[in-house]
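Contents: one structure, followed by commentary.
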Amino acid sequence: MKSRKVIALGLAAAMAFSLAACGGGKASKGGSSSGSGKTASGTVANKDKPVVWYNRQPSNSSTGELDSNALHFNDNTYYVGFDANQGAELQGTMIADYIKAHKDEIDRNGDGVIGYVLAIGDIGHNDSIARTRGVRKALGTAVKDGDSIDYQAVGTNTDGSAKDVQDGKVDGVDLKIRELASQEMKNSAGATWDAATAGNAIQSWSSSFGDQIDIVISNNDGMGMSMFNAWSKEKKVPTFGYDANSDAVAAIADGYGGTISQHADVQAYLTLRVLRNALDGVDVMTGISKKDDAGNVLEEGKDYRYDEKERSFYALNLAVTADNYQDFTDSTKVYDPVSKQLSSDKKKVWLDIYNSSDNFLGSTYQPLLQKYDDLMNLDVEYIGGDGQTESNITNRLGNPSQYDAFAINMVKTDNAASYTALLQ
Ligand code: BGC
């Protein structure tokens, strides 16, 4: 390891010398902007530094259309997230399978209707939209809005008259399924995916039609656990979430119905790895589809997929239920195939988390990032936002020249330009 570092430093010195000899301390396009991290920080223009968007894909929050400008900001720009549709389908199937396996006891009040309530994270977030659609599709409650499934919240629908959903059915179960209520969990200050709001919602839903609720479903575990702790645990009503946060996985032993792992261990790795590769001036697939010198490698198709046109890496999801939860108890454990130390030189990364109190990002993603940043020799400055206003975060990127690369998690998926403007 030591000797590789010395060689790298030797190269850096030689390169700095040859650049100076060419008459300029400024990095040439082929030199640093396309990724040679061997050039000292400060000589690369901010607009040429590696950028990774993660968790919130630059896109139009009403139509879902990807923001191609942001995704192609420069040659070293990528998005890292997970396959929202594949995960959403898994979540829906997991719940449908649960209904089939428990059809004889699931209808708690015996009214012939399996009633569920749904906590929506952020009506304009593509992960949230996909999950709402995935659940409605699997339970037969989906209605079409044009070509795609309606993902609006219904408010209260105990009488089955809402127009954004219909009564559904799953194969082999002779009971009607009804979305009794759904709501976007946004607090009055504007924070979305808000766990406390979900806890309040289940209190009010359960006090007006509690005996009709047979299943509680949530777009994520943060809200799911809040509802579980406030009501469904005691009532023994199966509750389903998403993210496989450690507390939710542990709660499966106490009756939490299940969750989906979005492979945060792979995502957190990819988030930093694409930056590291760009800074080292090596192929972006190093340590991803191609084994690196330390032996790190992922399996395409099993761990992730890559879409070149979208410049996006998508981790693949896994269902976590009573059958397998023992394998998922620590959500902050690094993924074994990519757990080996790199020997490259230290680089400085600016990274923000849109909301410092987001359960998934705070309890699962950030601890993983903090383990990988050591393994990749990245000195990461973590900035936590308030979940409501972009400026609360962008104000803290006052001097981009201090950093070698940027990892960005937006408050709203439409707002990529508020960040890229600072790097122009
Ligand atoms: C996660 C949510 C999280 C959201 C934040 C989603 O991918 O599943 O738990 O709140 O990202 O953007």
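Results, tabulated for the structure shown:
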quantity	calculated
Check on Leu397, aliphatic (A, V, I, L, M), closer than 25 Å to Asp127 by Cβ and more than 21 Å from the chain's Cα centre (by Cα)	yes
Boolean, Lys186 is in contact with a Lys or Arg (Cβ under 9 Å, 6 or more places away or on another chain) and among the basic types (Lys, Arg)	no
Leading residue by the ranking (nearest to the ligand (Cβ to nearest atom)) among those in the range 108-121 that are assigned to a strand (DSSP E or B) and farther than 16 Å from Gln183 by Cα	Ile114
Filter pass, Tyr365 being part of a helix (DSSP H, G or I), more than 14 Å from the ligand (Cβ to nearest atom), surrounded by 20 or more Cβ atoms within 10 Å (Cβ to Cβ) and assigned by TED's automatic domain parsing to the domain that holds Tyr78	no
Only one of Ala96, Ala84 that is in contact with a helix residue (DSSP H, G or I) (Cβ under 7 Å, 6 or more places away or on another chain) and either within 13 Å of the ligand (Cβ to nearest atom) or of a type in the set (Asp, Glu) (or both)	Ala84
Any chance Ile288 is outside the structural domain of Asp127 (by TED's automatic domain parsing) and in a helix (DSSP H, G or I)	no
Qualifying positions in the range 368-398 - of a type outside the set (Val, Ile, Thr) and part of a loop (DSSP other than H, G, I, E, B)	Met376, Asn377, Gly385, Gly387, Gln388, Glu390, Asn395, Arg396, Leu397, Gly398
Residues of the range 180-200 satisfying the condition of being open to solvent by less than 10 Å² (accessible area, probe 1.4 Å) and away from the ligand (no atom under 16 Å from the Cβ)	Leu180, Ala181, Ser182
Among (1) touching a Pro at 6+ places or on another chain (Cβ under 9 Å); (2) within 19 Å of Val52 (Cα to Cα); (3) in contact (Cβ under 8 Å) with a residue 60 or more places away in the chain; (4) not hydrophobic (A, V, I, L, M, F, W, C) - the single one Asn415 does not satisfy	(3)
Residue among Ser357, Ser343 that is within 15 Å of the ligand (Cβ to nearest atom), touching a residue at least 12 places away in the same chain (Cβ under 8 Å) and assigned to a loop (DSSP other than H, G, I, E, B)	Ser357
Selection count where residues are in contact with a Lys or Arg (Cβ under 7 Å, 6 or more places away or on another chain) and away from the ligand (no atom under 15 Å from the Cβ), scope the range 201-252	2
Breaking point among (1) part of a strand (DSSP E or B); (2) within 16 Å of the ligand (Cβ to nearest atom); (3) more than 22 Å from Arg396 (Cα to Cα), for Leu351	(3)
Counted residues, the range 122-179 - those being open to solvent by 30 Å² or more (accessible area, probe 1.4 Å) and within 16 Å of the ligand (Cβ to nearest atom)	4
Residues of the range 287-309 classified as closer than 16 Å to Tyr335 by Cβ, among the hydroxyl-bearing types (Ser, Thr, Tyr) and free of Cβ contacts under 8 Å to residues at least 24 places away in the same chain, total	1
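The values are calculated or read from the model by the stated rules, or taken from the named source; none is laboratory data. This is a predicted model, so every value here is computed, not measured. Ideal geometry is used to build each Cβ from the backbone, glycine not excepted, and the neighbour counts take in all protein chains shown. Heavy atoms of the whole protein, side chains included, go into the accessibility calculation; ligands, DNA and RNA do not. Shrake-Rupley method; radii C 1.70, N 1.55, O 1.52, S 1.80 Å.
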